[in-house]
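K.L.:
One structure coming up, written as structure tokens, with questions to follow.
Each reported figure results from applying straightforward, stated rules to the coordinates on display, with no laboratory input. What you see is a predicted model; the values in this text were computed from it and never measured. Counting neighbours? That spans all protein chains shown, and the Cβs are built from the backbone with ideal geometry, glycine included.
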Amino acid sequence: MLARADGYPGDGAPSDLLEVRAVSKHYGPIQALSDLSFTVRKGEILGVAGPNGAGKSTLLAVCTGHQKSDAGDVLVEGAVLSGRPPHRFCHAGVARMFQIPQVFSSLTVRQNVEVGATFGWRPGSGSRLSVEELMRVTGLDGLGDHSSADVDLITRKRIMLAAALATGPKVLFMDEPLAGLNEEEIETLAELIATLHRTLALSIVLVEHKVRALARLSDRIMILNFGRLVRLGPPAEILADPEIIDLYLGRSYVA
Ligand SMILES: Nc1ncnc2c1ncn2[C@@H]1O[C@H](COP(=O)(O)OP(=O)(O)O)[C@@H](O)[C@H]1O
Ligand SMILES: [Mg+2]
């Protein structure tokens, strides 16, 4: 097996949980993803950053079965899943938190989490906690019987997170989970993500514009632009590069 310069062990290594192999995706004339290849290692947090329109949400959609790629494959634990519907990805241990928090507002908080457990989990999925335990670890204690219709944004995010975790994921894709939160809530949710990652032995793919939080949480960061991989490496290396900061992340994060 060939070793690459960034220490990445190569195709099909046992440490790889999910592999994206030469994936391309276009919408009409827009090339959203272009010959993109990388892997998600077991147990890592892989941060993803890049300007608006870089293809981050499309990448998540392709990796979770919500969009079909035009070319290339997505493999989970060595099995090709691209072209399969979202529930097949889910049952293989792939979960997703959407950019816009979606909950069933006619259901209680507990029922929302139960939906994930009922429809998402299968014997081939990862390990799962009970619904009560999931609500406790995501900070929803005492809210089980509460209607989901009128909860605030961070609570909606907690519900989505608990519902996603109820499917027993091995890898969780999160699309800008910190968006729309104030500084204190960002701290709280970032801490929750770190704790869940530690205690549940999850791999996480974290798309995030809040670069400081991203750097703190991620084992590696991938920069995308125009659907292409610009750089992939440890946060210290990526964020030490003035060109990356200027072109892709913006100066504001340094402040
Ligand atoms: N459903 C869609 N139909 C047409 N164009 C889309 C669709 N989704 C995304 N795009 C376009 O694809 C490109 C990548 O979008 P997206 O994946 O949402 O990027 P990001 O999440 O990095 O902002 C953008 O140019 C966007 O306008
Ligand atoms: Mg997006």
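K.L.:
Would you mind telling me the antiparallel percentage of the DSSP bridges in the stretch 118-255, rounded to 5?
P.N.:
So the antiparallel bridges amount to about 50 percent of the total.
K.L.:
Looking at V230, M160, F38, which one has the Cα that reaches farthest to the positive end of the dipole of the chain (charges on Cβ: Lys, Arg +1; Asp, Glu -1)?
P.N.:
Value computed over the given set: F38.
K.L.:
For the chain, compute the number of Lys pairs whose alpha carbons are separated by less than 23 Å, excluding pairs fewer than 8 positions apart on the same chain.
P.N.:
11
K.L.:
Going by amide H atoms built from the backbone, whose H comes under 5 Å of the H on L18, apart from near neighbours?
P.N.:
Close amide H contacts, sequence-distant or interchain: V40, E77.
K.L.:
So if R0 is 45 Å, what FRET efficiency would A240 and D152 give, r being the distance between their Cβ atoms, rounded to the nearest 0.05?
P.N.:
0.75
K.L.:
Size of the dipole of the stretch 20-137 about the Cα centre, Lys and Arg at +1 and Asp and Glu at -1 on the beta carbon, nothing else charged, in debye to 20?
P.N.:
80
K.L.:
Can you tell me the orientation of helix 183-200 relative to the chain, as the angle in degrees between its alpha-carbon axis and the longest Cα principal axis, to the nearest 10?
P.N.:
90
K.L.:
Also: Can you work out the FRET efficiency for the pair E187 and S130, with r the C-beta to C-beta distance and R0 = 35 Å, to the nearest 0.05? Each step should come with its number before you reach the end.
P.N.:
Numbers: r = 28 Å, r/R0 = 0.79.
Calculated transfer efficiency: 0.80.
K.L.:
Would you calculate, for the chain, the mean residue ellipticity at 222 nm contributed by helices, counting each DSSP H stretch of 4 or more residues as -39,500 (n - 2.57) and dividing by all residues, to the nearest 500? It would help to have the intermediate numbers written out before the result.
P.N.:
Values: 8 runs with 75 residues, N = 255.
The per-residue figure over the chain is -8500 deg cm²/dmol.
K.L.:
Could you give the dipole magnitude of the chain about its Cα centre, charging the beta-carbon of Lys and Arg +1 and that of Asp and Glu -1, in debye to the nearest 20?
P.N.:
Dipole size: approximately 600 debye.
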